[in-house]
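One structure is given below, encoded as C-alpha cells.
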Amino acid sequence: MSPMTHPLNPQFNQGTRLKEDQKGHKPYRGRFAPSPTGALHLGSLTTALGSWLDARAHDGRWLVRIEDVDTPRTAPGADQLILEQLKAYGLEWDEEPTWQSKRTSVYQKGLDQLITKDLIYGCQCSRKQIEDVLHQAGISMSPNQELIYPGTCREQHLSFENHALRMRLPENCVIDFVDQGLGKQSQDLNHQVGDFVLRRADGLFTYQLAVVVDDQAQGVTHVVRGADLLSNTARQIHLQCALGYETPHYLHLPLVTNTAGEKLSKQTQAAAIEMHSREIILATLNRAAHYLGIADTTLAHQTSVAQWLGVATERWKDRLAKGWVAKVTC
Ligand SMILES: [Zn+2]
C-alpha cells in the first residue's frame, strides 16, 4: 500500500462550521452510500469509517444507503454482506438503511420537476457518435474518460420515451465550492462535462440524480465520501440549485490505492475485509486510520473495537478543532 494519494489540505484552517453549528444550524446528518457490487474492502471501509467518525464527532446521525440504482451492476447478497461487515466493525447506523432500487418513483418526481422547468431533453447519441463529433472538433479523449457531451440533440426535440434524458446546462455554468478537506474547487460544467444524463435510454436513473434526490429527502447535511467522486460534485451542486435544494457540506477523503497506484475496487480485485477475528478487525481499522491520517500508538494499542472507535472519534474531533471545515457556496 502506498500512503495517501490525496492528503487532506493542512493549510485549510477556517474552522467556521463548528461555530455555526452552535448558532443553531440544522443538526448533522451524514451517510455512507456503498454500491453493492461486492463486499467492502479496505478502500470502502476507510470511506465508511471516515464518514462514521465525522458524524460521531459532530454528535450527528449516520445513515446507510445502498446505491443499487444501476441494477445490472449489483451483486446478489452484497448489500446484506456490507451491512454485516459494517456491524462487525462497530459502524452502527442510526436509521433503517434505504435501497435506491426501491425509490425510482421519487427520482421520477425530481426529474418531472426539471422537465417542468424545460431543463431536460432527449438524446439518441451513441458513445461512438459522441466520440466522432468530439474527434471532428479536435477534442481527443482517452478510452475510459467521460465524454464531454457536445450538445448534438439539444434542439432536436426528441421524445422522452426510449431516449437518454439530459440536463440542459445554462451558458455560463462554473460551479465553485469548498471541499472541507481539499479546499477550493471549481468546475466549468459546459467545458468539462457537458449536458449530463439523468435517465438512461433503458429507463434507469443515473447516480447523479438519485444521489441528489436522496441526500435532500434524507436531510443529509454532510457528504463525506471518497475523492474519486470529487469530479461529480459540481454536477450535483448544479442539480441541487436547479431543484431548489440546499447544498450539503462536502468532504472528500483520500483514496486507498494498491501498489500499482490504482484505487482499490472490485475491478482491481481488492480483497473483502475480514469480519470474524477481533485482532484482524482492529488491525484493519488501524490501516484505515492510517489512510485517514489519524493513526497513532494509542489507537494501535486498543483491544476492543468499541474503545478503538471511541479513541478514533476523539482524534477526528482534534482534526475538526484544528479547522478542517468551510462552507460550500452554490
Ligand atoms: Zn444526443
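Evaluating 6.51 cos²θ - 1.76 cosθ + 1.60 at θ = phi - 60° for every residue in region 120-134, the Karplus couplings come out as 10, 9, x, 9, 10, 5, 8, 4, 4, 5, 5, 4, 5, 4, 5 Hz, glycine and proline recorded as x. On the basis of the beta-carbon distance and an R0 of 51 Å, S186 and D132 show a calculated FRET efficiency of 0.95.
For region 164-235, what does the alpha-carbon gyration tensor say about shape, rounded, prolate or oblate, given a ≥ b ≥ c as the root eigenvalues, a/c under 1.5 as rounded, and a/b over b/c as prolate? Walk me through the numbers before you get to the answer.
Values: a/c = 2.07, a/b = 1.18, b/c = 1.75.
In terms of gyration-tensor shape, oblate.
What is the antiparallel percent of DSSP beta bridges lying wholly in the chain, to the nearest 5? Show your work: numbers first, answer last.
Working: 15 of 28 bridges.
Expressed as a percentage, antiparallel bridges in the chain total about 55.
Volume of the convex hull of region 42-102 (Cα atoms only), normalised per residue: 90 Å³. Spatial offset of region 136-168 relative to region 189-210 amounts to 10 Å, using the alpha carbon center of each. Between the Cα long axis of helix 207-217 and the first principal axis of the chain there is an angle of about 60°, rounded to the nearest 10.
Per residue, how much space in cubic angstrom lies within the convex hull of the C-alpha atoms of region 86-165? Display every interim value, and only then the final one.
On the way: hull volume 14.2 nm³, N = 80.
Spread over its residues, the Cα hull of region 86-165 gives 177 Å³ apiece.
With respect to the chain, whose longest principal axis is taken over its alpha-carbon atoms, helix 104-116 is tilted by about 50°. Under 5 Å from the amide H of I120 lie the amide H atoms of R168, each residue being 5 or more positions distant or on a separate chain, with H modelled from the backbone and absent for Pro and chain starts. Rg and Dmax over the alpha-carbon atoms of region 69-204 stand at 18.8, 54 Å.
Per-residue 3J(HN,Hα) values for region 44-50, derived from phi via the Karplus relation 6.51 cos²θ - 1.76 cosθ + 1.60 with θ = phi - 60°, read 6, 5, 4, 5, 4, 5, x Hz in sequence order (x marks Gly and Pro).
Charge tally for L309 (other residues, Cβ to Cβ under 14 Å; Lys, Arg +1; Asp, Glu -1): +2. How big is region 185-275 by the Kirkwood estimate over distinct Cα pairs, in Å? Hydrodynamic radius (Kirkwood, Cα pairs) of region 185-275 is 15.2 Å.
Measuring r between the beta carbons of R154 and K109 and using R0 = 25 Å, the FRET efficiency lands at 0.55. Between the helical axis of 78-88 and the dominant principal axis of the chain, each derived from Cα atoms, what acute angle in degrees is found, rounded to the nearest 10? That helix lies at roughly 30 degrees to the long axis.
With a threshold of 25 Å on the Cα-Cα distance, the over-threshold entries among K109/K184; K26/K322; K26/K263; K184/K322; K102/K317 are K109/K184; K26/K263; K102/K317.
If you wrap the tightest convex hull around every Cα atom of the chain and split its volume per residue, you get 144 Å³.
Where does the chain land at 222 nm, in deg cm²/dmol rounded to the nearest 500, when only DSSP H runs of n ≥ 4 count, each adding -39500 (n - 2.57), divided by all residues? Kindly include the intermediate steps, with their values, before the conclusion.
Working: 11 runs with 118 residues, N = 330.
Rounded to the nearest 500, the figure is -10500 deg cm²/dmol.
None of the figures in this text is laboratory data; all of them are computed from the coordinates on show. These numbers were taken from a predicted model, which means no experiment stands behind them. As a convention, Cβ positions derive from the backbone with ideal geometry for all residues, glycine included, and neighbour counts pool all protein chains shown.
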